[in-house]
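Okay, so here's the structure we're looking at.
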Amino acid sequence: MKRFMVGAAAVAALGSMTAQAADFNYGRRAPYTVNQPLNAYSWAGPYLGGTLGYEWGSVANNPTKPSGLAGGLTAGYNWQTGPWVFGAEGDINITGANDTFAPWKFSNPWFGTIRGRAGYAFNNILFYGTGGLAFGSLRAETFGLSESHTTVGWTLGVGTEFGLAQNWSAKIEYLYVDLDSSNFVITGAKNDYRSGVVRAGINFHF
């Protein structure tokens with residue numbers, strides 16, 4: 001009988017300790033499980049970044065085809081609903097795109113864009129399309145004379161962005177940029193500039 005009483009007391013004590021441990025663990029439970037959607041990569045929020053790539057184009061009513069390196073700064077904001085990502089992005093770029101044919105030299109010293117973005121994310125991989133406003137400068141030079149015009153146009157593009165860590169992403173992007181024509185005095189013609197840009201970029205997400 002004595003052994004039975006001791007055994008019963010031990011079982012009761014063990015049950016009490018188990019219940020206390022369960023209560024303790026419940027209070028310290030992780031906020032979500034591994035399979036929760038909260039663990040998916042988030043594209044939402046503001047970001048800043050930089051790009052570097054190559055630009056090539058053509059000038060209307062002139063045989064020159066400016067090309068060269070292009071790099072700049074980017075800023076944007078994303079909204080995310082499930083796998084769908086929508087955003088707005090702007091950038092400003094300095095380029096070395098230029099070309100000389102006979103007495104004519106044309107160059108595109110800089111350009112910028114303000115665009116919308118829409119895409120579909122497979123967790124940390126985002127495929128997107130983009131389009132909007134473009135603006136920039138076209139410069140003409142001949143026989144020691146030079147003339148520059150800043151014009152507005154449009155741009156369309158596609159890209160893929162990869163989430164490297166929760167705060168960092170890298171992208172590869174193609175843009176087609178069409179800057180409207182202007183009357184150049186030194187050429188006696190309307191000249192516009194159309195270009196393609198392939199670039200890589202990196203963004204920091206806040």
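The table for this structure:
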item	result
Region 107-193, accessible area per residue, ligands and nucleic acids excluded (1.4 Å, Å²)	46 Å²
Global size of region 34-189 as Cα Rg and Dmax, reported in angstrom	18.8, 69
Euclidean distance between Cα centres, region 85-114 to region 153-206, Å	8 Å
Computed Kirkwood radius, in angstrom, where 1/r is averaged over Cα pairs of region 114-206	15.3 Å
Accessible carbon and sulfur surface of region 108-206 relative to its total accessible area, %, 1.4 Å	66 percent
Cα-only radius of gyration and Dmax that characterise region 78-122, units Å	17.8, 56
Sequence-distant aspartates and glutamates (8 or more away, or on other chains) whose Cα lies within less than 20 Å of Lys65	Glu55, Asp99, Glu141, Glu147, Asp178, Asp180, Asp192
Rg ratio (alpha-carbon, reference 2.2 N^0.38 Å) - region 150-202	1.66
Cut-off 11 Å between beta-carbons: net charge of the residues surrounding Ser148, Lys and Arg +1, Asp and Glu -1	-1
Environment charge at Leu179 (Cβ cut-off 9 Å; Lys +1, Arg +1, Asp -1, Glu -1)	-2
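The values are calculated or read from the model by the stated rules, or taken from the named source; none is laboratory data. Predicted model only: the values in this text are computed from it and were never measured. Counting neighbours? That spans all protein chains shown, and the Cβs are built from the backbone with ideal geometry, glycine included. SASA here: full protein model, heavy atoms, side chains in, ligands and nucleic acids out. Shrake-Rupley method; radii C 1.70, N 1.55, O 1.52, S 1.80 Å.
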